[in-house]
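Colleague: This is the structure, below, for whatever I ask next.
The values are calculated or read from the model by the stated rules, or taken from the named source; none is laboratory data. Nothing here was measured: the structure is a model prediction, and the numbers come from that model. Using ideal geometry, Cβ is built from the backbone for each residue, glycine included, and neighbour counts are taken over all protein chains shown.
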Amino acid sequence: MKYAQNNATWDFSLGIAYYKGQGMPQNSMTALYWFKKAAVQDYNPLNGRFGLAKMAAPVNHKTKV
């Protein structure tokens, strides 16, 4: 299945996959990147999990979303 650019649902799902290590190596920094990308698109389910991911990994302010 091909990734759909600027699709908050896909971005959030990728964040979850990286956060949990489902289908790819577990990486909380990469998960945070995808969670932020979904948040910029006002994806609502992100509210609780974004804080969890933020605590799990330091924010790299050089990473652009």
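Colleague: Give the number of residues within the range 20-37 that are within 17 Å of residue 9 (Cα to Cα) and not in a loop (DSSP other than H, G, I, E, B).
Modeller: Total meeting the criteria: 9.
Colleague: Six or more apart or on different chains, Cβ under 6 Å: which pairs go from a residue in the range 1-29 that's under 17 Å from residue 39 (Cβ atoms) and of a type in the set (Asp, Glu) to one that's modelled with pLDDT under 90 and surrounded by 17 or more Cβ atoms within 10 Å (Cβ to Cβ)? Could you list them?
Modeller: Going by the 6 Å Cβ cut-off, the qualifying pairs are 11/37; 11/38.
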